[in-house]
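Heads up: the structure comes next, in structure tokens.
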Amino acid sequence: MSAQVKAVLFDLDGTLAETAHITAAALTRACAQAGVAGGPPLTEFHALSGLPLEEIVGRLGLPGEVAELYRAAAGAMVTEARLFPGALTLLSVLRARGVRVGVITGKDRPRALATLDHLKIGDLVEALATPSDPPAPKPSPEGVWWLCQEFGIPTEDAVLVGDSAADMAAGRAAGVRTVACGWGVGRFETPARHGPWRVITRFGELTVLLDGLTLPPTRVDGGAPHT
């Protein structure tokens, strides 16, 4: 496996964007509207992050209507999403180096596009894979393969960064290097158990890691590249 990385694929919520407060408020409202007793299962919902919304609702045994109620409530709160500090700079630097940037998310395409637009990173993300698209969603590897094909690169030249078990499972099955990040809302030990290539706890560590993987090799005394 070559060291040089030609594409970085990011999860969106909990990896690039801070949206935990939106999730909590939207799920609380959706469960109340659907008459769910006992309050919203926030911890369990977060633990399943990365999966399509309908699958999460089904696994938690919630009424099917919760999915659409949640989607409407969360969609109305898109403007409350925030980038994690350092994310905009990292994406800009990667693109300036010629590294391809993709996003693979469990969020439906309309909300994902609205979030990218609000965060002002839509022009930095070259390709997007969502449950609304043809490939099977995470934890299937199909979305990762789809993005790599879109970029015209082999999977060994890509890295996937995410905060959920679904992210790690998709990346590992696809044959890309996986980076589990610890600043999202999921239980950090869960993605870490899925054998990620690297485990990091701060966004600054991700910047340093990707610097080492995407900077062109330096040349020593005009000779061969030094790595």
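The values are calculated or read from the model by the stated rules, or taken from the named source; none is laboratory data. Remember, predicted model here, so these are calculated numbers, not experimental data. All Cβ positions, even for glycine, are placed from backbone atoms using ideal geometry, and neighbour counts span all protein chains on display. To get the accessible areas, we keep the full protein, side chains included, count just its heavy atoms, and leave off ligands, DNA and RNA. Shrake-Rupley method; radii C 1.70, N 1.55, O 1.52, S 1.80 Å.
A few remarks follow.
- The residue of segment 150-182 that is farthest from K138 (Cα to Cα), among those that are within 13 Å of the chain's Cα centre (by Cα) and without any contact (Cβ under 8 Å) to a residue 24 or more places away in the chain, is G182.
- Selection from segment 71-92 of residues that are over 18 Å from H21 (Cβ atoms), of a type in the set (A, V, I, L, M) and out of contact with any helix residue (DSSP H, G or I) (no Cβ under 8 Å at 6 or more places or on another chain): L88, L91
- Considering residues of segment 4-32 that are among the hydroxyl-bearing types (S, T, Y) and farther than 30 Å from D157 by Cβ only, the residue most open to solvent (accessible area, probe 1.4 Å): T28
Yes or no, residue by residue, for (1) touching a residue at least 40 places away in the same chain (Cβ under 8 Å); (2) in contact with a helix residue (DSSP H, G or I) (Cβ under 9 Å, 6 or more places away or on another chain); (3) hydrophobic (A, V, I, L, M, F, W, C); (4) closer than 22 Å to V5 by Cβ:
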{"position": "A112", "(1), (2), (3), (4)": "yes, no, yes, no"}
{"position": "L119", "(1), (2), (3), (4)": "yes, yes, yes, no"}
{"position": "T130", "(1), (2), (3), (4)": "no, yes, no, no"}
{"position": "P135", "(1), (2), (3), (4)": "no, yes, no, yes"}
{"position": "C148", "(1), (2), (3), (4)": "yes, yes, yes, yes"}
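- In segment 100-115, residue least open to solvent (accessible area, probe 1.4 Å) [restricted to those that are in contact with a strand residue (DSSP E or B) (Cβ under 9 Å, 6 or more places away or on another chain) and farther than 22 Å from T178 by Cβ]: T115
- Among the candidates G58, G86, residue that is open to solvent by 30 Å² or more (accessible area, probe 1.4 Å), in contact (Cβ under 8 Å) with a residue 40 or more places away in the chain and of a type outside the set (S, T, Y): G86
- Scanning segment 136-162 for residues that are of a type outside the set (A, V, I, L, M, F, W, C) and touching a strand residue (DSSP E or B) at 6+ places or on another chain (Cβ under 6 Å), we see that the one that is surrounded by the most Cβ atoms within 10 Å (Cβ to Cβ) is G143.
- Residue in segment 163-180 that is most open to solvent (accessible area, probe 1.4 Å), counting only those that are more than 10 Å from W145 (Cβ to Cβ) and either among the charged types (D, E, K, R) or not in a helix (DSSP H, G or I) (or both): R172
- Among the numbered conditions (1) farther than 26 Å from H21 by Cα; (2) modelled with pLDDT of 65 or more; (3) of a type outside the set (D, E, K, R), the only one that L206 does not meet is (1).
- On the stretch given as segment 53-94, residues that are out of contact with any Ser or Thr (no Cβ under 9 Å at 6 or more places or on another chain) and more than 19 Å from G204 (Cβ to Cβ) total 21.
- Close pairs (7 angstrom Cβ cut-off, 6 or more residues apart or separate chains): closer than 12 Å to R29 by Cβ in segment 62-77, open to solvent by 50 Å² or more (accessible area, probe 1.4 Å) anywhere: L69/Q33; A73/R29
- Just one of (1) β-branched (V, I, T); (2) within 28 Å of T201 (Cα to Cα); (3) in a loop (DSSP other than H, G, I, E, B) fails for V36. It is (2).
- Close Cβ contacts (under 6 Å, 6 or more residues apart or on different chains) running from residues in segment 1-25 that are under 16 Å from L160 (Cβ atoms) to residues that are open to solvent by 30 Å² or more (accessible area, probe 1.4 Å) and modelled with pLDDT under 95 comprise G14/V185.
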